[in-house]
Amino acid sequence: MRRHLLVRLGCPAAALALAVTAPPPAHAATPVPVAVPNGTFARPAAPDNGTQAGHADWYPETNAVVFGKALAQHPQGYQATSLNWNGLPRSMRTRLWGVRNGSQVTLRWDDSPSTHPGCKLDQVKDGQTYNVSLVVPTGIPPDPQVTTGGTDTVGKANWTTGRVFGFTATEDNPMVSFDSEETGSLSCGPLITNVTAEQVPAPVDQKVAKERLPGPAAYNGVSTLEPGVAVDDCEGSTTACRFTVDRRYSYQYYGRTRIVGEVYVNCTRNTVVDDHPMTNTEPPYDNLTQYYALKGAPLTPDRADISVSRPNLAAQVAAGFAAGGGNPAAVSTSNPLTWSRTTTKSLNPTIQPGEVSWIEVQPARERVVGSFTNSRNGYRLDAAFDVPATSLPDRYFQRTGPLNEVELQRCGTARPSGGTPDNAPGADQRLLTLEAPPAGLRAGSVPLNP
């Protein structure tokens with residue numbers, strides 16, 4: 001049984017020539033176009049006054065036919081598809097790729113009663129009915145019907161342009177469906193064409209932790225696919241899939257600060273400049289390795305770095321990232337995708353007498369969201385990666401605070417043969433190390449310029 005949901009289409013059929021959704025308020029976000037593959041049913045090309053089986057990018061692809069331009073009689077010269085053929089009502093489905101869960105979507109299209117010469121007048125004079133729905137995994141509410149305009153002549157079109165169906169996406173890449181209700185019409189059914197869409201995108205959620213990215217999603221046409229199948233397909237060769245960055249949901253950011261190196265206590269009577277190199281490693285994260293780990297089948301040989309465990313797939317991400325940054329050839333770029341990064345900085349924090357001090361780094365990260373596509377078999381894989389940012393520098397901070405009683409006692413007991421030491425050149429005369437900052441210490445921050 002079909003499971004789908006009609007949203008905001010419950011108005012009388014006669015009124016459907018008007019927009020179903022109310023106009024947005026003046027302060028609403030500006031809608032952006034959504035690509036509808038083969039929305040004018042130009043593929044495959046049909047004879048002008050004939051038909052051609054199939055309809056590329058709509059599913060099932062062999063479900064019906066397209067009418068040629070002269071037979072369809074659309075005012076803009078578009079081909080059209082019939083929702084009835086070979087004695088059966090048909091369904092036409094497609095996904096709106098790149099639309100995220102929570103986005104506000106507006107779907108538009110044109111319809112007409114059939115222009116097939118085999119129609120009977122009583123089949124077309126009062127129009128023909130069909131449903132437009134948002135297909136969802138659960139819920140089977142009633143299907144409101146859409147009725148085309150009628151015609152008083154068999155073979156004569158009566159196009160209604162600008163039908164509107166508005167809904168809120170309940171999943172990424174939502175699927176919409178056109179379904180004929182003309183059960184006894186043989187090959188005489190409603191025609192649709194000029195399907196377009198736009199969306200007010202859902203806001204980017206920048207609170208999603210890199211360690212717990214939303215899982216990947218894979219598709220074979222409009223049907224869902226086990227993500228591992230698409231991963232293996234893309235890994236088949238360096239050019240098996242093409243990765244395209246979704247720039248709307250990709251962004252750079254600074255992660256949480258964390259301690260690097262050791263904590264130092266200045267027990268001297270003088271200011272100490274602590275000259276030493278600081279090494280920081282930024283690892284990669286992605287929802288594919290996390291997906292396999294949650295399945296109990298971690299990727300090998302490196303479950304943490306997909307550029308090692310799936311090098312061909314990683315190369316496709318790097319190429320798509322460079323292309324998205326304005327370098328389609330990816331021959332040379334000032335902002336390459338970097339899977340992991342180890343940086344050694346020479347830092348020179350100044351530690352005042354009687355202070356405890358440590359270094360914290362705030363790493364520059366890049367969230368890369370996009371899709372792998374394989375034109376050969378129609379596979380699609382949506383994935384997310386979180387890597388060190390190349391074009392954004394890490395931030396380093398010196399954190400300092402006064403010694404508490406524990407550190408003061410340690411300064412005294414560490415050098416029992418002499419009083420509080422001065423700033424002598426020997427390492428044993430300068431700073432003491434601690435494993436961690438003392439709990440509850442009120443500390444100040446100083447940005448460091450490495």
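Since every read-out is calculated from the coordinates, none of them should be taken as a lab result. For clarity, every value in this text was computed on a predicted model and none was experimentally measured. Cβ coordinates were reconstructed from backbone atoms using ideal geometry, including for glycine residues, and neighbour counts include every protein chain displayed.
The table below gives the values:
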| item | result |
| --- | --- |
| Nearest-0.05 FRET efficiency for L121 and T281, computed from C-beta distance (R0 45 Å) | 0.05 |
| For the range 260-391, alpha-carbon Rg over 2.2 N^0.38 Å | 1.46 |
| Reachable aspartates and glutamates from K207, criterion Cα separation under 16 angstrom, eight or more residues apart if same chain | D286, E366, D386 |
| Calculated over the range 40-193: convex hull of Cα atoms, volume per residue (Å³) | 105 Å³ |
| Protection proxy ranking of 370-379, 174-183 - average other beta-carbon atoms within 10 Å, highest first | 174-183, 370-379 |
| For T40, residues with placed amide H under 5 Å, excluding near neighbours | N194, V195 |
| Separation in nanometres of the label points that stand 7 Å from Cα toward Cβ, at T30 and T196 | 1.6 nm |
| Within straight-line cross-link reach of K120, lysines at Cα separation under 19 Å, skipping those fewer than 8 residues along the same chain | K156 |
| Of the GluC sites (Glu not before Pro) in the range 337-415, those whose Cβ has at most 13 other Cβ within 10 Å and which sit in DSSP loop | none |
| Length added when fully stretched, K295-T224, from 0.36 nm per residue minus Cα-Cα | 23.8 nm |
